[in-house]
Amino acid sequence: MDLGLKGRVAVVGGASKGLGRACALALAQEGAKVAICSRGAEQLEMTAQEIRSTTGTEVLAVPGSPLDPRAKGCNDLIRQGAALCEGAEDVLRALEGLRGFREPDRRYAADPGPPPDDGLRDRVAALLSPTPVSRDEIVRAVGAPAPVVFAALVELSLAGRAELQPGGMVVAG
C-alpha cells in the first residue's frame with residue numbers, strides 16, 4: 001500500500017518501544033523520514049539504529065519529551081522539514097535544490113608549510129615560561145608561519161613540554 005509518504009517527515013513521540021516504535025517503523029517502511037522522540041535516550045538510539053538498518057531511511061532520534069517547552073525550537077525545525085545533517089556531504093545535498101548555491105570555483109586550502117623541525121620546536125620551547133603567553137605572541141616572536149608554530153606547540157604539548165590553555169594561552173609544561 002502506498003500512502004504517499006515518500007520523502008515526507010514524520011514525528012513520532014514515545015517511539016522507543018511499543019506502539020510508538022511500531023508506528024515509526026511503519027512510517028519509515030512507507031518511505032517517510034522519521035524523527036523519533038522518547039525520554040529514554042539509550043533505548044531511543046537503539047530503536048533508531050534498528051529502523052535505519054531495516055528500512056534504509058533517515059531517522060533522527062531526539063531524546064526528551066516533545067511536549068517539553070525547551071524542545072520548542074527543535075520541534076519547529078522538524079515541523080518545517082529540517083534535514084538531518086551529519087557532515088559536509090549532507091549539507092551540500094540539502095542545498096542542492098536551492099538556487100544560488102554552487103560549489104566554489106576553487107578549493108580553499110591553506111598551505112600548511114613544512115612540518116616543524118627540532119630547531120623550531122626548541123625556539124618555541126625557549127619562549128615558554130610558567131607565565132601564560134599568547135600563541136599569537138609566540139608566532140610573532142618565532143617569525144614562522146602560524147600553522148607550523150601551532151603544530152610545534154601541539155607536539156610540545158604531547159611531549160609534556162608545553163600546556164595549551166583556554167583563550168589561546170600556553171605555559172611551559
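The values are calculated or read from the model by the stated rules, or taken from the named source; none is laboratory data. Fair warning: this is a prediction, and the values are worked out from it, not measured in the lab. Glycine also receives a Cβ, built like all others from the backbone with ideal geometry; neighbour counts cover every protein chain displayed.
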- Task: Residues being in a helix (DSSP H, G or I) and either among the aromatic types (F, W, Y) or farther than 18 Å from D117 by Cβ (or both): count how many of those fall in segment 152-173.
- Result: 3
- Item | Verdict on A88 being more than 30 Å from V170 (Cα to Cα), modelled with pLDDT under 85 and surrounded by 12 or more Cβ atoms within 10 Å (Cβ to Cβ) | no
- Query: Is there any pair linking a residue in segment 105-131 that is among the small types (G, A, S) and surrounded by 12 or more Cβ atoms within 10 Å (Cβ to Cβ) to one that is at pLDDT below 90 and in a loop (DSSP other than H, G, I, E, B), with Cβ under 6 Å and at least six apart or on different chains, and which?
  - Reply: G113/P145
- Among the candidates A48, A94, A35, A41, which residue alone is at pLDDT below 70, under 19 Å from the mean Cα position of the chain (by Cα) and surrounded by 10 or more Cβ atoms within 10 Å (Cβ to Cβ)? A94
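What tally of residues in segment 122-151 results from selecting those that are in a helix (DSSP H, G or I) and under 31 Å from the mean Cα position of the chain (by Cα)?
11
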